[in-house]
Amino acid sequence: MTLTSKQRAYLKGLAADIEPVFQIGKGAVTPEIVAAIAETFNTHELVKITVLKNCLEDVKEVAITVSERTRSDLVQVIGRKFVLYKPFKDDPVIILPTSKKK
């Protein structure tokens, strides 16, 4: 699913109020971290993650890698934090705005 700029802006607004759920540190992106984040998507559609200073990889690269491995959408990378979105399959809680077609 590709997010539009309007949808991305809406999700950024929602993500501003949530606290980071995970911290990625020196070990960078491990299969255990990816599995734990994927498990979180069973109860949350929007997840904020912090990359600690002792992680040697670039924050954007870490965000893209985690996004691809969890099959989620990268909403934003800001500083050392990033936000991922993955809607529930059956009944999404977050209803994204749609573009109006004329």
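Couple of notes before you dig in:
- Dipole of the chain, positive end: most advanced residue of ILE24, LEU74, THR2 [Cβ charges, Cα centre]: THR2
- Helix 31-40 axis, angle to the chain major axis (alpha carbon atoms, nearest 10°): 30
- Net charge dipole, the chain: roughly 560 debye, given to the nearest 20, about the Cα centre with Cβ charges of +1 for Lys and Arg and -1 for Asp and Glu.
- Relative to the longest principal axis of the Cα atoms of the chain, the long axis of helix 59-70 lies at roughly 70 degrees.
- Additional length obtainable on full extension of the chain from LYS89 to LEU52, 0.36 nm per residue less Cα span: 10.2 nm
- Principal-axis analysis of the Cα atoms of the chain puts helix 5-15 at an angle of about 60° to the longest axis.
A short reminder: the numbers here are calculations on the coordinates, not readings from a lab. Since the model is a prediction, treat every value here as computed from it, not as a measurement. Ideal geometry is used to build each Cβ from the backbone, glycine not excepted, and the neighbour counts take in all protein chains shown.
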